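Accompanying notes for the structure given below.
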Amino acid sequence: MPIHIRATAADFAPTVLVPGDPNRARFIAEHVFDPGARLVNDERGALGFTGTYRGVPLSVQASGMGCASASIYYSELAGLGVRRLVRVGTVGGLAPGLRMGDLVVAVSATPDDGMVLQLTDGEAHAPTATFALVEQAVSLARAQGLRHHVGPIVSSALFYDPRVGIMRRWQQRGHLAVEMESAALYTIGAMHGIETLCVATVSDLITEAGSERIDDATLRSAVEQMVRLGCDVAIG
């Protein structure tokens, strides 16, 4: 039994959603999964649940914030035999044309976090999603009429980043958005042969003038749409 996920392989479905927020994990289990999901982990408050979605077994496990925290949970889930991890999170929008509540499908995640180099023992690596999952997410977003954007994002080690102009430089190099976990997700997925994808809701818009935060009602609605799409991808 792992240290941080106090559960066995039998407690988790082969596919797991990995939001950062334990409250989001609970919301998914109670409001998105079919009725009857059960709590399988509450160690350190990192909630995990297993149930079904559209009749298909599916789990959700909170992973915390940042690559350092998330890599613990991704690694322990891999050790439990999970074969697909889908991150359902939020991102700060960088690219022109993004709006609050838009969906981002992350093809790759530039690692602005030393965790990835530590994971690969200093060898260069380009953290990349599983393309079949990218295709499925995009197809579903189009079918559902969701505003969506597909491309690279950045996984930063810092939420409050003091480096002047860094967001602008990331934007100029074609990054859609910034968050804190997906580079570790894609790297650990590659190391363990696990399918991985990050889909996320734009919760902030970041410009040279500063950042603007989404309102709570719009966030709730957009996150639920994004999570349901993530569930459809997860069981696809």
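The values are calculated or read from the model by the stated rules, or taken from the named source; none is laboratory data. Source: prediction; values computed, not measured. Note that we place each Cβ from the backbone using ideal geometry, even for glycine, and neighbour counts take in every protein chain shown. Side chains included, ligands, DNA and RNA excluded: accessible areas come from the protein's heavy atoms. Shrake-Rupley method; radii C 1.70, N 1.55, O 1.52, S 1.80 Å.
Within the range 9-66, track down each residue that is open to solvent by less than 20 Å² (accessible area, probe 1.4 Å) and in a helix (DSSP H, G or I).
ALA25, ILE28, ALA29, VAL32, GLY66
Scan the range 111-126 and report the pairs whose first residue is hydroxyl-bearing (Ser, Thr, Tyr) and whose second residue is surrounded by 15 or more Cβ atoms within 10 Å (Cβ to Cβ), with Cβ atoms within less than 7 Å and a gap of 6+ or a chain change.
From residues that are hydroxyl-bearing (Ser, Thr, Tyr), the pairs are THR120/THR187.
When ARG142 is evaluated against the numbered criteria (1) part of a strand (DSSP E or B); (2) open to solvent by 10 Å² or more (accessible area, probe 1.4 Å); (3) not small (Gly, Ala, Ser), which criterion, by number, is the only one it fails?
(1)
Check LEU140, LEU146, LEU176, LEU197 and return the single one that is in contact with a strand residue (DSSP E or B) (Cβ under 7 Å, 6 or more places away or on another chain), more than 24 Å from SER63 (Cα to Cα) and modelled with pLDDT of 95 or more.
Every option except LEU146 fails the conditions.
Checking the condition open to solvent by 60 Å² or more (accessible area, probe 1.4 Å) and hydrophobic (A, V, I, L, M, F, W, C), which residue from VAL223, VAL199, VAL150 passes?
VAL150
Name every residue in the range 171-187 that is assigned to a helix (DSSP H, G or I) and open to solvent by less than 10 Å² (accessible area, probe 1.4 Å), in order of residue number.
SER182, ALA183, ALA184, LEU185, TYR186, THR187
Quick test for you: out of THR110, THR90, pick the one residue that is under 12 Å from the mean Cα position of the chain (by Cα) and either within 27 Å of SER59 (Cβ to Cβ) or open to solvent by 10 Å² or more (accessible area, probe 1.4 Å) (or both).
On inspection, the qualifying residue turns out to be THR90.
Which one is farthest from GLU179 (Cα to Cα), of the residues in the range 76-87 that are crowded, with 21+ Cβ neighbours inside 10 Å and out of contact with any Pro (no Cβ under 9 Å at 6 or more places or on another chain)?
LEU85
Please go through (1) in a helix (DSSP H, G or I); (2) over 26 Å from ARG26 (Cα atoms); (3) open to solvent by 40 Å² or more (accessible area, probe 1.4 Å) for SER211 and return the number of the only condition it doesn't satisfy.
The one condition SER211 does not meet is (1).
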